[in-house]
Each structure stands twice: as C-alpha cells, then as structure tokens.
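*Asks:* Attaching a single structure in structure tokens format; questions to follow.
The values are calculated or read from the model by the stated rules, or taken from the named source; none is laboratory data. It should be emphasised that the depicted structure is a prediction, and the values quoted were computed from it without experimental measurement. Reconstructed Cβ throughout: ideal geometry from the backbone, glycine too, with neighbour counts over all protein chains shown.
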Amino acid sequence: MPVPIYFQKPIRLGLVAKYLWDLNAIPRQRAFELLALNCKDELEQEKLIEFTTPEGLEDMYNYTSRPRRTILEVLHDFPHATSALTIPVLFELFSIIQPRLFSIASSRKSNKLEILVAVVEYKLKLSEPRRGLCSNWLKDLQVGTTISASFRKGTMKIPRQANVPLIMVGPGTGLAPFRSILMDRWMENDGKDRNVLIFGCRSQFKDFHCKADLQKMEDEGIVKCYYAFSRDQDHKVYVQHKIEEAESELKPLIFDEHATILVAGNSKDMPQSVKEAFTRVVGSADYIEKMIKEGRYQEETWS
C-alpha cells in the first residue's frame, strides 16, 4: 500500500491532528479494540471489550451512532485508556478527513463555480451541538480565501437534445444540479415550457433556496415549478405529494414527449417515496423500470 502524499515528508503530530485526522468521526468497533489494548483500568477495559462483542453491538450503537458521539468524546469518556495510547495506535485510531462532495449549481458557461451547501448543525442528547465539519468550515471562510478542490463527474446523464423535456425533483440541496441544468437552458434559451421542477423545503420563509432565480426562470417560460413547503401548514407536504398533484401535466410529458425524470437529494426515504409517486402517476411499476433501463429515470442521492 503506497504511503499517502501527506506522509511522504516529515510532519509534526500536532499538524496531523489539526489538518488531517477526522476528530469528528463516529468510532467503529475497531476503535474500542484499540483503546482496550493497553488499558490498565479494569472497569474501562471491561466496557471497551464489551463494545467489541456481538452481544455489545447494540449498546455500542446507542453509545456512539445514535447520539453521534465523536471519537474525541469517546476518548474523554475513557481517560485511562486514552492515556495509554501510543503514537502508532493513534494513526490507526483516527481516520483521515475525506473530501466532501457537492453538486455544482452554476451553468457550465459561467465564469464562476457555485455550490449549494446546507450548514449542518443540530442538537441531540449530548450537551455539545453536532456540527458538520465541511459545511461549517465553508461557512466560516472569509471572502477571497483560496481553497483546494477537485472535480468528479456526476452520475446523471442529461439528454443531448435540448428539446427533450426534463422533470426534475430536488428537495433541499438536491436543487443544486437542477439549477445548473436550468441555468444552461436559460442561457441557451432552449426547452421553453418543457421543463418541470418540483422543489421542496421546510418553509418558504426560511430555506427556499435560489428563490429569485427560479421565479425569474419561470416568468421567462424556462421551467414550470411546483413547490412543497413541508412546515408552512398544519399537514406535511412533500415533493411526492406535488408529483401526484401535477399528474395531468406530467403524464403527457412522460408518455407523449418521452421526458426524462431526474431525482436528486437525500437518500433516506425520499427517493423511494418519489418513485412510488411516479408509479402512481404512470399507473405501472413496469413502466418506471423500463424508464430506468432506458436512462429516462435517474437518481443522484447522498446520505
């Protein structure tokens, strides 16, 4: 296994901890095995070993994953085991920070690159709020700061023919790739009245991303928009509800004009709920599967 480029020259341990190790990572079973290795405290070692057994798996999940307890917080809870850690073990205990992926939200023809980032911060049972590592780092950057980035080709394949209608479903930051696509079509003046966007967020007053852009593109006939604001009324409204609401408009696009359906966003429950809604719209699960095989139904989701 080749030595990573950042370890091919001497580097101080403090710099490794500051810039390379993911101190917010949720520890796995291997971490508890490592902590138990040289631990001299009987009670701590017993608990650490318990977490590594099949019987202790649920307890470990409740201790780490459920409250999103970080590796640093675990070290704080096991001070005797922590004090016995050696430098080689530290390098096995801490994982390296991995690059975060964001969809580009700007046109390919633009001279600047824009991304749509939700700043992750939430409160659980632990006293300290959970904060997304990269999103909060980006939030705190000063204008003019230079950052390192690389590009990875997306999975969506957009029809080359500009006259192919697009039906786009993008709740939350799932809007990003569709803003990029629509900005392209807006600049090219292609696809007028042949694009449909179904966007969802919690509230039109709090997290309605790119509102001005979407309204202007709709005014100019580039896209027809349906909005699902889940918390702005007594009952929850999600993008899947808007899909069924738009059935009379979507069916001719799908059956008569061979529209491509694109879905982007969180991978938890949304993709399946959206797929079920489109199945009800077209009246056939087999037809949706046929669209998937033809590349006319595509998903790009993340956790």
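*Asks:* Out of L175, L197, which single residue is in contact with a strand residue (DSSP E or B) (Cβ under 6 Å, 6 or more places away or on another chain), free of Cβ contacts under 8 Å to residues at least 40 places away in the same chain and within 21 Å of I158 (Cα to Cα)?
*Replies:* Every option except L197 fails the conditions.
*Asks:* Condition first: at pLDDT 95 or above and among the hydroxyl-bearing types (S, T, Y). Now tell me which residues in region 280-303 satisfy that.
*Replies:* S284, Y287, Y297
*Asks:* Could you tell me whether region 247-256 includes any residue that is within 25 Å of the chain's Cα centre (by Cα) and in contact (Cβ under 8 Å) with a residue 24 or more places away in the chain? Break it down into steps so the answer makes sense when it comes.
*Replies:* First, the residues of region 247-256 that are within 25 Å of the chain's Cα centre (by Cα): none.
No, that holds for no residue.
*Asks:* Which members of region 67-105 meet the condition of being among the charged types (D, E, K, R) and either within 30 Å of R179 (Cα to Cα) or in contact (Cβ under 8 Å) with a residue 12 or more places away in the chain (or both)?
*Replies:* Listed by number, the residues that qualify are R68, R69, E73, E92, R100.
*Asks:* Now for a different question. Residue check: is I97 surrounded by 15 or more Cβ atoms within 10 Å (Cβ to Cβ) and touching a strand residue (DSSP E or B) at 6+ places or on another chain (Cβ under 8 Å)?
*Replies:* yes
*Asks:* Next question. Where in region 178-279 are there helices (runs of 4 or more DSSP H), lying wholly inside it, with at least 1 residues that are modelled with pLDDT of 95 or more and among the hydroxyl-bearing types (S, T, Y)? Steps first, answer last, please.
*Replies:* Details: elements: 211-219, 239-245, 247-255.
Fully inside region 178-279 and qualifying: 247-255.
*Asks:* Is it true that S83 is surrounded by 12 or more Cβ atoms within 10 Å (Cβ to Cβ), more than 29 Å from S303 (Cβ to Cβ) and not aliphatic (A, V, I, L, M)?
*Replies:* Spelling it out, S83 is indeed surrounded by 12 or more Cβ atoms within 10 Å (Cβ to Cβ), more than 29 Å from S303 (Cβ to Cβ) and not aliphatic (A, V, I, L, M).
*Asks:* For region 35-63, which residues satisfy the criterion of being surrounded by fewer than 19 Cβ atoms within 10 Å (Cβ to Cβ) and of a type in the set (D, E, K, R)?
*Replies:* K40, D41, E42, E46, E50, E55, E58, D59
*Asks:* Out of all the residues in region 25-34, is one or more hydrophobic (A, V, I, L, M, F, W, C), touching a strand residue (DSSP E or B) at 6+ places or on another chain (Cβ under 6 Å), in contact (Cβ under 8 Å) with a residue 24 or more places away in the chain and not in a helix (DSSP H, G or I)?
*Replies:* no
*Asks:* Return the pair list, or none, for Cβ contacts closer than 6 Å from residues in region 110-126 that are within 18 Å of G265 (Cβ to Cβ) to residues that are loosely packed, with under 14 Cβ neighbours inside 10 Å and charged (D, E, K, R), at least 6 apart or on different chains.
*Replies:* As it stands, the answer is V119/K139, since those pairs meet every condition given.
*Asks:* Between E294, E300, E244, which is among the acidic types (D, E), more than 14 Å from G172 (Cα to Cα) and surrounded by 12 or more Cβ atoms within 10 Å (Cβ to Cβ)?
*Replies:* Checking each option against the conditions leaves just E244.
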